[in-house]
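Please treat every number below as a calculation from the coordinates, not as lab data. Since we're looking at a predicted model, the values are computed, not measured. A quick note on method: Cβ atoms are made from the backbone with ideal geometry, for glycine too, and the neighbour counts reach across all protein chains shown.
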Amino acid sequence: MLFSLKKFYVFFKSARMTVIIISVMMVLFLAGLFVPQKTFFGSRAKYDEWRFASPNFSAVVEYFKLNEIYISPVTVAALSVFFIHLIVVVLNRVPVMLRKAYLTGNAERVETPDIRDIPGTARIEAQKDIGADVAMAEVQRYLRKKMWTVLSVGPTGLTAVKNRYSPLGFILFHLSFFLCLMGGLLVSYTRFSGNLVLTEGQELTTELKHFRLINREPKLIKQVPLLGLELSSVKPVYERNIAVDLSVNMKIKHEGGAEAVTLGTNKPVNKGSMSILPQNIGVSPLFLLSDMYGKELGGGYFVLNILKGGQEDSFEIPGFPYKFYVRFYPDYAVEDGRDISRSLELRDPVVFLTVQKSGGNVYEGRVRPGQTVFFDGLGMRYGDTRYWVDFLIVREYGNMPLFIGFGVGVAGLLMRLVFFQKEVVFNIEKEGGRMLIFYNGRSEYYKHSFKEELEKIGRDILLTLEQDQGPIGGKA
């Protein structure tokens, strides 16, 4: 049994296992493109219609939750196996990477006989009568000048490496997976999304009771940071009755301070973990209900979906048996006997007001700003018109680990693929009164270009020793 476990462990940490796990995950995520996902159905009725149309297929899909592929138990299991496999591989490779970075043990010093027997070893011969210690010092000085790290120096030889810590890029790259996983989990479980409506001049806080709609409730950290939001002004820009830009000025109050910010189309404002984006705009006309003596009985700015000419919306005033229907014309005109709006800009606003009581109309007519209409002994005054903005407010944690993970992953790839490790070994000996320097090296990638680099190193060192005299000799 011990042998079987060891055999399984060897297989589990192998590259073949990596390919199998990634292939399974690719199949699962591709299945998410072909299997109808719950989020794609507009309503429960449409989802049930799909289920009844394919009862057997939908039963299998629902059993394995393939219609929620990213939280399906199968996907979670595959991801769990992937990260366990990743941990095993990294832990198994860390000692190797540390040795390659020369952080454990000593750099291996290759003696002259070993160098001479290695294929590709080159030799240069110095003409001047210089000592081995002087030659060794010149070689070290040259290598350090060229950003090589001299690791081991002996009486007649040395080992040097460039990009010594490149192997650690393997660890950084795989560490980035865990940072991205942590960030992804935090984003998924702490994400809050909701819509909050503000009219110009209005101030609200981000308490949940003020939200018009909660799109997504977080599973962790349910409390949303408390911000004060005051909408100062709204300026939409239209071209040929098509909205092309939007400028929203507001104040964000937090921890006793206030900050004036400007938002726009696809231009959110971020405040800590909160992101605020204007998603839609409309108009809030001011209606004030009064008695026959002019005493105000109720009213205010009503958020209505009537900005586009001809749209109708309604509101009620608590305590009164009336329902008020409003159609809005921001730039009023009459064309062929019909009420129209020449544009969406608030140039000449007019509302068409219908007042109903018990299902019957008690008033119907056009009203301009500042006018008052009367019905049942009451007066309804149309004041001014302000814009309202529907803000999408998102709160989530985890973006920072994601960004750090991405950066760490890129750094790891650069260390491994761009700043890859190179190593050179030099041996110096005197033979019959001649100074012989043997050298060889290795590179993780681009062997041919490194061979040329190694030849240049030999030429440069000889020039340093001989004061521009050419090399004598060649391959050992």
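Among the chymotrypsin sites (Phe, Trp or Tyr not before Pro) within segment 239-329, which fall in a DSSP loop and have no more than 12 other Cβ atoms within 10 Å of their own Cβ?
Loop-located and lightly packed - Tyr293.
Could you work out the relative contact order of segment 283-388? I mean the mean sequence separation of Cα pairs under 8 Å and 6+ apart, divided by the number of residues, in percent.
Reported as a whole number, the value is 28 percent.
Angle, helix 44-53 long axis vs. longest principal axis of the chain, Cα atoms, 0 to 90°, nearest 10?
Helix 44-53 sits at roughly 70 degrees to that axis.
Can you give me the relative contact order of segment 358-476 as a percent, contacts being Cα pairs under 8 Å and 6 or more apart?
Answer for segment 358-476 is 11 percent.
Going by alpha carbons, how many degrees (0 to 90, nearest 10) lie between the helix axis of 15-34 and the longest principal axis of the chain?
So the inclination is approximately 20 degrees.
Pull out a ≥ b ≥ c, the square roots of the eigenvalues of the alpha-carbon gyration tensor of segment 283-388, then state rounded if a/c is under 1.5, prolate if not and a/b is larger than b/c, and oblate in the remaining case.
Because a/c hits 1.5 or more and a/b exceeds b/c, segment 283-388 counts as prolate.
Estimate the FRET efficiency between Met26 and Val244 by the formula 1/(1 + (r/R0)^6), using the beta-carbon distance for r and 35 Å for R0, to the nearest 0.05.
My answer for the efficiency is 0.25.
If I model a spin label at Leu220 and Phe11 as a point 7 Å from the Cα along the Cα→Cβ vector, what separation in nanometres do I get?
My value for the distance between the label points is 3.5 nm.
With a cut-off of at most 15 other beta carbons within 10 Å, and DSSP calling the residue loop, which trypsin sites (Lys or Arg not before Pro) in segment 252-308 qualify? Please list them.
Lys295, Lys308
Considering the options Ser284, Gly441, Phe178, tell which one lies farthest towards the positive end of the dipole of the chain, charges being +1 on Lys and Arg and -1 on Asp and Glu at the Cβ, about the Cα centre.
The residue sitting most towards the positive pole is Gly441.
Evaluate the relative contact order of the chain (contact order divided by residue number), counting alpha-carbon pairs under 8 angstrom at least 6 apart; express in whole percent.
20
Report which label in [x] 67, 54, 40; [y] 116, 63, 41; [z] 126, 63, 48 holds the value of Cα extents along the principal axes in Å derived from the coordinates of this structure.
Recomputing Cα extents along the principal axes in Å here picks out [z].
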